[in-house]
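Colleague: Sharing a structure below in structure tokens format, with a few things to ask.
The values are calculated or read from the model by the stated rules, or taken from the named source; none is laboratory data. Since the structure is predicted, the reported quantities are computational estimates derived from the model, not experimental observations. Cβ sites come from the backbone with ideal geometry, for glycine too, and all protein chains shown count toward neighbours. Just so you know, the surface numbers come from the protein's heavy atoms only, side chains and all, with ligands and any DNA or RNA stripped out. Shrake-Rupley method; radii C 1.70, N 1.55, O 1.52, S 1.80 Å.
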Amino acid sequence: MLRKLLIGTALASGLAFAAHAEDVKEVQMLHWWTSGGEAAALNVLKQDLAKEGYAWKDVPVAGGGGDPAMVALKAMVAAGNPPTASQMLGYTALDYAAAGKMGDITAIAVKEGWDKVVPAALQKFTVYEGKWVAVPVNVHSVNWLWINKAVMDKIGGTEPKTFDDLIALLDKAKAAGVIPLALGGQNWQEATMFDSVVLSTGGPEFYKKAFNDLDDASLKSDTMKKSFDNLAKLVTYVDPNFSGRDWNLATAMVIKGDALVQVMGDWAKGEFHAANKTPGTDFLCYRFPGTDGSVVYNSDVFGMFDVSDDRKAAQAALATATLSKSFQSAFNVVKGSVPARTDVPDTDFDACGKKGIADLKAANEKGTLFGSLAQGYGAPPAIANAYKDVVTKFVHGQIKTSDEAVTELVKAIDDAR
Ligand code: BGC
């Protein structure tokens, strides 16, 4: 991977040098979209840019959640060699903007009227001191269950409406000899699942206070302890080989019917889509029990770096292509996410996508749209990392009790503040 990255970087800088005063007809993009569904979605963008005459210089850095990608990006930026754009989450674009590393695409935003169609919750992460520094690509949400329909039918299961219903359903799968819960034991996957558990255990107000406001009393509360108890229960339903497993391999277990359910963001749906599976027939998407009505979101944005003048036209083409209505529909249908603008019809989306679009709108109106702490939308990266660390230690037995987990969480978040 590093070799690929270095070659990509060297090629890009060589081309930039050769082209000199003329525009570089190439977009160099760093991202972590390396699974089947993700690559298919990215292809939509590559094709749109090819139509505009721009070549694609890929800088893939595998690792769901993007932590390895962000390490690679930091090195490129420190070397004075930023890509045209990079996939980013949450506060990252704002941090690079504060460090003076981002470009300014406000003129395009104004010309295309982005502020009228991009939800305020996203603009908060793409506009820095009044300037657009990033383009939102999509809105994902994490509080979903992805269920194999044939397995569900075989065990006579129905949609779990409460956490206890979910446990009863997992018990049925276990009794039938199917792995109940497909999980990849990596910190970001475990924390992404815990976001849902906390919302389900404490409700929307509690999630907001604990994971968006970082309210001390909520972080320390019995409800947080109960949330860890519930997480511990869920973990008893995973197979022994879960440690280190990639998220898309966990999704594949559900697609194949080796496991009943995965708790994962709707990028999982991109894998079902890539495997030609249909919701309602092959798989089921339900909100994590007890969380219907709320949406815990993250949004992939393309952070636009302060690139040399000869690369600005390519960057502008990328920005315009990314927020075009047609791209927002075509890309998000394949990716499993929903559009980052409010005026895209849901016509081409499957049933889960239509629900995702409607849920987002309703949550936005009701004030139940919350940033995912695991995905960097609840708090800046240092705090998100502290959170992931505590959750993974708990899941893997280095933190033994829920009481201890709560103490460690409060301490880790305090240290990271
Ligand atoms: C990103 C998704 C991606 C997933 C798994 C998340 O952080 O927002 O776009 O598909 O990680 O790689």
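Colleague: Provide the packing ranking of 237-244, 313-320, i.e. peptides ordered by the mean count of other C-beta atoms within 10 Å per residue, highest first.
Modeller: 313-320, 237-244
Colleague: Normalise the Cα radius of gyration of the chain by 2.2 N^0.38 Å (N = residues in it) and let me know the number.
Modeller: Against the empirical 2.2 N^0.38 Å value, I get 0.96 for the chain.
Colleague: With a 1.4 Å probe and every protein chain kept in, tell me what percent of the accessible surface of the stretch 299-417 is carbon plus sulfur.
Modeller: Reported share for carbon and sulfur atoms: 53 percent.
Colleague: Could you sort 192-200, 33-41 so that the peptide with the highest average Cβ count within 10 Å comes first and the rest follow in order?
Modeller: Ranked from most to least packed, the peptides come out as 192-200, 33-41.
Colleague: Hey, got the dipole for the chain? About the Cα centre, +1 on K and R Cβ, -1 on D and E Cβ, debye to the nearest 20?
Modeller: Around 380 debye, computed over the chain.
Colleague: From the residues VAL178, ALA210, PRO240, which one has its Cα farthest along the dipole of the stretch 138-273 in the positive direction, the dipole being from +1 and -1 charges on Cβ of Lys/Arg and Asp/Glu about the Cα centre?
Modeller: VAL178
Colleague: Turning to a different aspect of this structure: May I have the pair-distance distribution P(r) for the stretch 142-255, computed from all Cα-Cα distances with 10 Å bins from 0 and rounded to whole percent?
Modeller: Percent of Cα pairs in each bin: 13, 43, 32, 11, 1.
Colleague: Same structure again: Could you work out how much longer the chain between ASP246 and THR106 gets when fully extended? Use 0.36 nm per residue separation minus the Cα distance between them, nm to one decimal.
Modeller: The ASP246-THR106 span can extend by a further 46.7 nm.
Colleague: Follow-up question, since we're still on this one. Rg (Å, one decimal) plus Dmax (Å, integer) for the alpha carbons of the stretch 208-299?
Modeller: 15.8, 46
Colleague: Would you mind computing Rg(Cα) / (2.2 N^0.38 Å) for the stretch 156-214, counting N as its residues?
Modeller: Dividing the Cα radius of gyration by 2.2 N^0.38 Å gives 1.34.
Colleague: Wrap a convex hull around the Cα atoms of the stretch 53-143, take a quarter of its surface area, and give that in square nanometres.
Modeller: 7.3 nm²
Colleague: While we're looking at this one, here's another question. For a Förster distance of 22 Å, can you work out the FRET efficiency between the beta-carbons of ASP213 and GLU404, rounded to the nearest 0.05?
Modeller: 0.40
Colleague: Carbon and sulfur: what percent of the stretch 210-266's accessible surface (1.4 Å probe)?
Modeller: That share works out to 49 percent.
Colleague: Another question, if that's okay. Using the heavy atoms of the protein chains and a 1.4 angstrom probe, tell me the accessible area per residue for the chain in square angstrom.
Modeller: Dividing the accessible area of the chain by its residue count gives 39 Å².
Colleague: Give me the percent relative contact order of the stretch 119-234, please, defined on Cα pairs under 8 angstrom at least 6 residues apart.
Modeller: Computed value for the stretch 119-234: 18 percent relative contact order.
Colleague: Rounded to a whole number, what is D in µm²/s for the stretch 126-188 from Stokes-Einstein with the Kirkwood radius over alpha-carbon pairs (20 °C, 1.002 mPa s)?
Modeller: 144 µm²/s
Colleague: Provide the solvent-accessible area of GLU129, counting protein heavy atoms only and rolling a 1.4 Å probe, rounded to the nearest 10 Å².
Modeller: For GLU129, solvent-accessible area is about 150 Å².
Colleague: Right, here's the next one. For the stretch 98-209, just the Cα atoms, rotate onto the principal axes and tell me the three extents in Å, largest first.
Modeller: Projected onto its principal axes, the Cα set of the stretch 98-209 covers 59, 31, 26 Å.
Colleague: Based on the Cβ-Cβ distance of THR281 and THR347, what FRET efficiency does E = 1/(1 + (r/R0)^6) give at R0 = 22 Å, to the nearest 0.05?
Modeller: E between THR281 and THR347, to the nearest 0.05, is 0.65.
Colleague: Tell me the Kirkwood hydrodynamic radius of the stretch 219-259 in angstroms, computed as one over the mean inverse distance between distinct C-alpha pairs.
Modeller: Here the Kirkwood hydrodynamic radius works out to 12.0 Å.
Colleague: With springs connecting C-alpha atoms under 10 Å apart, model the chain as a Gaussian network and identify which of TYR377, TYR297, TYR96 has the largest mean-square fluctuation.
Modeller: Result for the chain, Cα springs under 10 Å: TYR96 fluctuates most.
Colleague: Based only on Cα atoms, what mean projected area does the convex hull of the stretch 192-254 have, in nm²?
Modeller: 5.0 nm²
Colleague: If you don't mind, there's one more thing I want to ask. For the chain, what does -39500 (n - 2.57) per DSSP helix run (n ≥ 4), summed and divided by total residues, give at 222 nm, in deg cm²/dmol to the nearest 500?
Modeller: It lands at -16000 deg cm²/dmol.
Colleague: If I compute solvent accessible area with a 1.4 Å probe over the protein chains, what percent of it on the stretch 121-178 is carbon and sulfur?
Modeller: Accessible surface attributable to carbon and sulfur in the stretch 121-178 totals 51 percent.
Colleague: Cα centroids of the stretch 96-134 and the stretch 317-358: how far apart, whole angstrom?
Modeller: 19 Å
Colleague: Please give the peptides 182-191, 56-65 ranked by average Cβ packing (other Cβ atoms within 10 Å per residue), highest first, as a rough proxy for protection.
Modeller: Ranking, from highest mean packing down: 182-191, 56-65.
Colleague: Okay, next question. Once Rh for the stretch 54-104 is found with the Kirkwood sum over Cα pairs, what is the Stokes-Einstein diffusion coefficient at 37 °C and 0.692 mPa s, in µm²/s?
Modeller: 279 µm²/s
Colleague: Select from PRO345, VAL334, GLY356 the residue farthest towards the positive end of the dipole of the stretch 328-367; place +1 on Cβ of Lys and Arg, -1 on Cβ of Asp and Glu, and compute about the Cα centre.
Modeller: GLY356
Colleague: Same structure again: So if each residue of separation counts as 0.36 nm, and I subtract the Cα-Cα distance between SER308 and ASP258, what length gain in nm does that give?
Modeller: 13.0 nm
Colleague: Could you work out the relative contact order of the stretch 41-148? I mean the mean sequence separation of Cα pairs under 8 Å and 6+ apart, divided by the number of residues, in percent.
Modeller: Relative CO of the stretch 41-148 lands at 18 percent.
Colleague: Spin-label point model (7 Å from Cα, Cβ direction): what's the THR162 to ALA55 distance in nm?
Modeller: 6.1 nm
Colleague: Now for a separate question. Using the Kirkwood radius over C-alpha pairs as Rh, can you work out the diffusion coefficient of the stretch 114-162 via Stokes-Einstein at 20 °C, viscosity 1.002 mPa s, in µm² per second?
Modeller: Approximately 149 µm²/s, per Stokes-Einstein.
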